Amino acid sequence: MRIAYLDCFSGISGDMFLGALVDAGVREQLLEQTVVALNIGARLEVSRVQRNGICATKVDVHSCGEKDLPRELYWEQQAGRSGQSTHAHGSSEHPQEHAHAHANAAQPVALLEHNYGLQVPTTSRARVASPEHIETRGAEDSAVPHQHEQDHSHPHEHGRGLNEIRDIISKATISEAAKKTAIAIFEALGAAEAKIHNTDIERIHFHEVGAVDAMVDIVCAAVGAEALGVDEIVCSPLNVGGGTVKCAHGILPVPAPATLELLKNAPVYASGIQAELVTPTGAAIVKTLAKRFAPFPRMKVEKTGYGAGTRDFDGHANVVRLTIGEAEAEVVDNIFQETITVIEANIDDLNPQVFGYVMDRLLEEGALDAFGMPVQMKKNRPGMLLTVLCRTEDASKLTDLIFAETTTLGVRRREEKRQTLAREWVTVATRWGDVRLKVASMNGTVTNYAPEYEDCRRIATERHIPLKRVMQEALQLYVNSQR
């Protein structure tokens, strides 16, 4: 099984993740095309930098010709320019009202602050830029107006709502799977904010999160993760940092409230660095993309990528590391063998619609498989046997989900051995676009191959051609390539 291991020993943010993707082999052009597809007036700058002796890839988002800036530096810089404290109003009905001292002063992306009184950072970046990289940023769709423009209202000065963000992403010419992932990341952010502020997710306006650079980070993260072609992303425990971070509202503890909400059930620690290392965007990306948290797994390493943060710490490499390779398990007669947990529950009083929903949720949360079988239960009542296969470390989390979402009063758990064939992804270029195939082999001989359904479905939908035609061509191209 091909996996990607995300090593967050210096935390994670959106741009750090993009840098790691590019460094690990995701085409820079793919991310640039994604930015163009969003049509929100942004571009990428990709460079190579050193972080405490490690060469890494740095990805910056430019909008209106300016580069994004960490939030605490933004407010410090603006305070220095204006000679007065900057602030944000607590009501979502009012934009920030303060003006900059200079008409040409660069502006924050989408007000930088959540109007409910809590920072909702995304490219706030948890890192502080080194002096030579201090630049302010702006955004066509979300910046506070310049002083000479303040008589003109701006359509996004109140931030973007979740529906508007969904609409922008849905119109982009990227895969349906990437759209779904990107929207899920934003919804995770919205859910965390809504809980903190005791409000409905649809009432949340994403100010900093809705900014141009943040949308680029999140959508490119979804597209890039898909391009890795891995079966799962595994994440290390996260170094969240410590101390406090300065924002428009004053001082917040690290990790910030939204970050901490997003990292529920994730292993975290603080190494002693007094800085915000995990941003809410980074936390939302991990929450959405990572199937599980674990120490560095047994794997045959293929390639490694390093994504750089803005700050260069003394004695500590401010990078996130992404390692791609084949997971190694016990091999018996050239068949991979591993120990898994089986969870079962007999259910006879659950709405069938909810049953299907529960199976989808189990798979989203990391189950290896989930299925139901009709059974005849006590008192001759018809029911369903829910069976879940999962890794041992995920068993408790999935058991809690079953208790929360179904009517069962008890579950059974046992450990079993699972044997699987060696698998790899192969990509073929059809006349309508690339399609991945999962190829299984035993003793070096291919035994099974099948086109990836989501790839074929996307092409069939976008090109208005029969799904079976796409699948047949992909299979034929693969067979021909093996002759």
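The values are calculated or read from the model by the stated rules, or taken from the named source; none is laboratory data. Note that the structure is a prediction, hence the values are computed from the model and not measured. As a convention, Cβ positions derive from the backbone with ideal geometry for all residues, glycine included, and neighbour counts pool all protein chains shown. Surface areas here come from the heavy atoms of the whole protein model, side chains and all, with no ligands, DNA or RNA. Shrake-Rupley method; radii C 1.70, N 1.55, O 1.52, S 1.80 Å.
How do F186, F371, F9 rank by accessible surface area computed with a 1.4 Å probe, from largest to smallest?
F371, F9, F186
Given a 1.4 Å probe and the protein chains all in place, what does the accessible area of R423 round to, in Å² to the nearest 10?
Using a 1.4 Å probe on the heavy atoms, I get roughly 70 Å².
Residue-wise, which Karplus ³J(HN,Hα) couplings in Hz belong to segment 255-270, taking 6.51 cos²θ - 1.76 cosθ + 1.60, θ = phi - 60°, and x for glycine or proline?
Ordered by residue, 3J(HN,Hα) equals x, 5, x, 5, 4, 5, 5, 5, 8, 4, 6, 9, x, 10, 7, 10 Hz.
7 Å from Cα along Cα→Cβ at both S271 and K468: what's the point-to-point distance in nm?
5.6
Can you figure out the FRET efficiency of E45 with S396, using R₀ = 41 Å and their beta-carbon distance, to the nearest 0.05?
0.40
Quote the FRET efficiency, to the nearest 0.05, computed for E28 versus F403 with a Förster distance R0 of 41 Å and r equal to the Cβ-Cβ distance.
After rounding, the FRET efficiency stands at 0.35.
Once phi is turned into ³J(HN,Hα) by the Karplus curve 6.51 cos²θ - 1.76 cosθ + 1.60 with θ = phi - 60°, what whole-Hz value does each residue of segment 422-438 show in order, with x for glycine and proline?
Those phi angles translate into 5, 10, 8, 9, 10, 10, 10, 9, 7, 5, 9, x, 6, 10, 8, 10, 8 Hz.
Between M377 and residues 5 or more places away or on another chain, which pairs have amide H atoms under 5 Å apart, with H built 1.01 Å from N, and which residues are they?
Amide H neighbours of M377: G383.
Long-range amide H contacts for V245: which residues qualify at under 5 Å (H placed 1.01 Å from N, peptide plane, sequence gap of 5 or more or a different chain)?
Long-range HN contacts for V245: L252, V254.
At what distance in nm do the modelled label points of E415 and K378 sit from each other, each positioned 7 Å from its Cα along Cα→Cβ?
Calculated label separation equals 3.0 nm.
Taking a threshold of 23 Å on the Cα-Cα distance, which of the pairs K264/K300; K195/K264; K58/K303; K179/K397; K180/K291 fall above it?
K264/K300; K179/K397
Rounded, prolate or oblate: pick one for segment 349-483, where a ≥ b ≥ c are the square roots of the eigenvalues of its C-alpha gyration tensor, a/c under 1.5 means rounded, and failing that, prolate if a/b is larger than b/c, else oblate.
Prolate shape, in that a/c is at least 1.5 and a/b is the bigger ratio.
Once the whole set of protein chains is in place, how much accessible area is left on R381, using a 1.4 Å probe, in Å² to the nearest 10?
90
For G11, list long-range residues whose amide hydrogen, built 1.01 Å from N in the peptide plane, is under 5 Å from its own amide hydrogen.
When sequence neighbours closer than 5 places are left aside, the close amide H contacts are N239.
For a quick check of understanding: with a 1.4 angstrom probe and all protein chains in place, what accessible area in square angstrom does T173 have, to the nearest ten?
Accessible area, nearest 10 Å²: 120 Å².
Quick one: if the Förster radius is 25 Å, what FRET efficiency do D360 and T445 give, using the C-beta to C-beta distance and rounding to 0.05?
0.10
Any chance you could run the full-extension gain for V479 through V301? It's 0.36 nm times the residue separation minus the Cα-Cα distance, nm to one decimal.
Difference between extended and current length: 61.3 nm.
Ranked highest first by the average count of other Cβ atoms within 10 Å around their residues, in what order do 33-41, 436-444 fall?
The packing order, highest mean first, is 33-41, 436-444.
Taking a point 7 angstrom from the Cα of L385 along the C-beta vector, which residues in segment 353-375 have backbone N less than 13 Å away?
So the set is 371-375.
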